[in-house]
Amino acid sequence: MDVLTAARAQMEVSLAFHMFFAALGIGMPLLMVIAEGLWLRTGKQHYRALAKKWAKATAITFAVGAVSGTALAFELGLLWPRFMAFAGGIVGSAFALEGYAFFIEAIFLGLYLYGWERLSPRAHWLTGIPIAVSGMLSGVLVVAANAWMQNPVGFEVVNGQPVNVNPWAPFLSPAWFQMALHSTLSCYIATAFAAAGVYALGLLRGRTDAYHRSALGIALAVGAVTALLQPLSGDLSAKHVAEHQPAKLAAMEAHFETAAGVPLIIGGLPDAENGTVDYALRIPKLLSFMAKGDFDAVVTGLNDIPEDERPNVLITHVAFQVMVGAGFALMALGAWYWLARWKRRADSPLLLKALLLGSPLGFLALQTGWIVTEVGRQPWVIQGVMRTEDAVTPVQGVPVTFWGFSVLYLALGVALVSLLRYLATGGSEPEPSPKTREVVDVA
Amino acid sequence: MSPELMLAGVALLALIAYAVLAGADFGGGVWDAFARGPRRAQQREAIAQAMGPVWEANHVWLIFVIVLLFSGFPRAYAALSVALFAPFHLVLLGIILRGAAFVFRAYSPQSARTLGPGRMGRRWGAVFGAASVITPVLLGMCLGAVSAGHVRVAEGAVRIEGTAPWLTPLAWALGLFALAVCAYLAAVYLANETQGELREDFRRRALAAGTVVVALSVLVLPLLYLEAPHLWEGLLNVRAAPVLALGVLAALLSGWALLVRRLRLARLATVAQVVCLLLGWGVAQYPYLIYPDVTIQNAAATDAVLRFVLWTLPFGLALLLPSLWLLFRVFKGEHLGWRDEGV
């Protein structure tokens, strides 16, 4: 394994691992604040039990998110020192602001998690709000750094060094708004549908109490609203990519030849060597319309991109299809649930089973979406400015650290899933009964 | 004052905050690993209670230092990342395992028989303790590595001269010194936050750790003279020497205060001691970020970016400081709960 491949693989593993917790860190506080707010409003105990349960899940996922995020801050330099030597002083302003947001989140999380008995109920609920807001803001701010890598602005290059740097550069990148919107929504969607799956399973197993029903309702209120908004933000993103990153759009859509009135290719396996897509469904002229707003518009194909500047079509296209498919499935699930609730049939086993099956789809969409963003930008680390191969570290030990970190994250992932399962099966009891304790302990 | 110097100063202050706050959390883990005697379980309980609400906020200081370093001094950050590739990865391993193990243990199933941590919890507890011991040693080694002149940087390329910079005798000594300081800080804080026999346990541990700190500083001094003469001279010059002298006085005061059980004074003096030590180190190291090729001036980002980051500080701190004050007042203050205060 050469150093570049290993460095890309390590970055991928670290980012993918962190994304789970970053998303939960944005989504869970919102659910928890809603539940506690409902408790304050109605005085019904099961809302408080829910808030407490979700706070525990937040505590575990936030801690892992914080340490894996620290790892990423280091890895930016460890794996891509030449990128950081060049861009650290530009994307740094986004990270500096994100630092404050993250700080606020960590401080108020401490207050919230350990303050149930020390703060008045109202004050306690209020400490939850900065967690939800700053969690969302730190995501939005850190995405500015990535947006700048997709669409770099606000500097000039003289003798290979950035000069005339505008400190607002990451926030001036025109990609920022739609990327931040798209990724924030995806975090809420992923969290909400994952949580919904847990309570759908509980309801299927006959725990048809207010606790499970309310949990499902809160999760799917957040999930349905965000899932319905997501295609709009996706459309904005696609139009932006079409204008600024034609190579990425062509790879996403497996669009090989520049032409007018281009069909939208759904599914299929692209063959980059022959420029064909097998097993795909084609809708005439739709890609032209979606990318440019005109059914007869010309869309740049990969043939007009220099051969050494083309991203991997197979990965980008398939990941994009999976993301869009998962997104639409979740939209349908969210709509189905609220329709069923409106008709007072939300307990239908078919719906609950569908929600259970659909619960990982939000995370699938989140992960594949980032694969589209990052693989679709290759071979550039900063689009049009610096190639990934020119950013990589000269240190030869990267394959070792790649395998080391992969094993570490795998082990932590396994431990975490078993811990969250233990939490999830604890039901609405504040503490598990001694009997379950013993069973779990022996197992 | 030039913006790059101001930013370097802010980064040093953030590093000091990290040492004083998060250092004690690592130290808590050390005492968890070495919990002994009849009150072993209570000691661990007290440590977990003291750390629980604050350790994540304390950890953010490190992220803050890193962000200031790479936004203000990107070339220095890149050079450090190449030169310290292995120890930084090990530090990350330690940080990840420490944080994850701490929460995993806290939320693991309890054992019904002993009403203490279950089997999984005990395993994560062991990981937590081990990672808490190893990480400060590595961080201290990294600090030693930038001072000894083994990392040469020319035209953006990094070259290591002689021994790996983080494995020199000086780096090892500083690593152990950092560990002892963390253990000392934690024991002094814990003695303040506990009562009765538990308090005595931590007071005795503080005295032991303080003795080790003194012994190790006696070991570090000749190594500094031999391996990092520029730092040695820097420490003795008129700017750094008074700060260090204050640090030594604070160290003596904290030891005395522990002996006569004036614990609040001991806490204050211990914090002053660590602040002076790091401040003195920073002043002595000036103007180098990595001796001898990378300085605050030649590694700095463009003026506009430095000014931007500096200008965010008053706004950021206006949000942070009241929040931190609230956090520490609620969990480290004297009051017990909102019910007791009649809120």
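A few notes on this one:
- Segment B:145-242 holds helices (runs of 4 or more DSSP H) entirely within its bounds, and those carrying 1 or more residues that are surrounded by 24 or more Cβ atoms within 10 Å (Cβ to Cβ) and modelled with pLDDT of 90 or more map to B:169-193, B:196-227.
- Any hit, segment A:57-76, residues being modelled with pLDDT of 90 or more, more than 20 Å from the chain's Cα centre (by Cα) and of a type outside the set (A, V, I, L, M, F, W, C): no
- Near pairs, Cβ below 8 angstrom, 6+ apart or cross-chain, from segment B:50-69 (facing chain A (nearest Cβ under 7 Å)) to any residue that is surrounded by fewer than 22 Cβ atoms within 10 Å (Cβ to Cβ) and of a type in the set (Lys, Arg): B:VAL54/B:LYS332
- Selection status of A:ALA415, in contact with a Phe, Trp or Tyr (Cβ under 7 Å, 6 or more places away or on another chain), within 14 Å of chain B (Cβ to nearest Cβ), more than 28 Å from A:ASN146 (Cα to Cα) and assigned to a helix (DSSP H, G or I): yes
- For segment A:340-384, taking the residues that are of a type in the set (D, E, K, R) and over 18 Å from A:GLU253 (Cα atoms), the one that is surrounded by the fewest Cβ atoms within 10 Å (Cβ to Cβ) is identified as A:ARG344.
- Of A:ARG82, A:ARG48, all but one fail to be within 13 Å of chain B (Cβ to nearest Cβ), part of a helix (DSSP H, G or I) and surrounded by fewer than 23 Cβ atoms within 10 Å (Cβ to Cβ); the exception is A:ARG82.
- Taking helices (runs of 4 or more DSSP H) as the structural unit, those lying wholly within segment B:42-129 and holding at least 3 residues that are touching a strand residue (DSSP E or B) at 6+ places or on another chain (Cβ under 8 Å) and at pLDDT 90 or above correspond to B:74-83.
- Number of residues in segment A:132-175 that are out of contact with any strand residue (DSSP E or B) (no Cβ under 6 Å at 6 or more places or on another chain) and over 30 Å from A:GLY110 (Cβ atoms): the value is 21.
- From the options A:GLY43, A:GLY37, A:GLY65, A:GLY69, residue that is of a type in the set (Gly, Ala, Ser) and within 8 Å of chain B (Cβ to nearest Cβ): A:GLY69
- When we screen B:PRO74, B:PRO87 for residues that are more than 8 Å from every other protein chain (Cβ to nearest Cβ), on the phi < 0 side of the Ramachandran plot and buried (at least 20 other Cβ atoms within 10 Å of the Cβ), the only hit is B:PRO87.
- The residues in segment A:112-149 that are crowded, with 24+ Cβ neighbours inside 10 Å and either in a loop (DSSP other than H, G, I, E, B) or in contact with a His (Cβ under 8 Å, 6 or more places away or on another chain) (or both) can be counted, and the count is 1.
- Of the residues making up segment A:403-439, those that are at pLDDT 90 or above, of a type outside the set (Gly, Ala, Ser) and more than 21 Å from A:GLY197 (Cβ to Cβ) are A:TRP403, A:PHE405, A:VAL407, A:LEU408, A:TYR409, A:LEU410, A:LEU412.
The values are calculated or read from the model by the stated rules, or taken from the named source; none is laboratory data. As the structure is a prediction and not an experimental result, all values here were calculated from the model. Methodologically, a virtual Cβ is constructed for each residue, glycine included, from the backbone with ideal geometry; neighbour enumeration extends over all protein chains shown.
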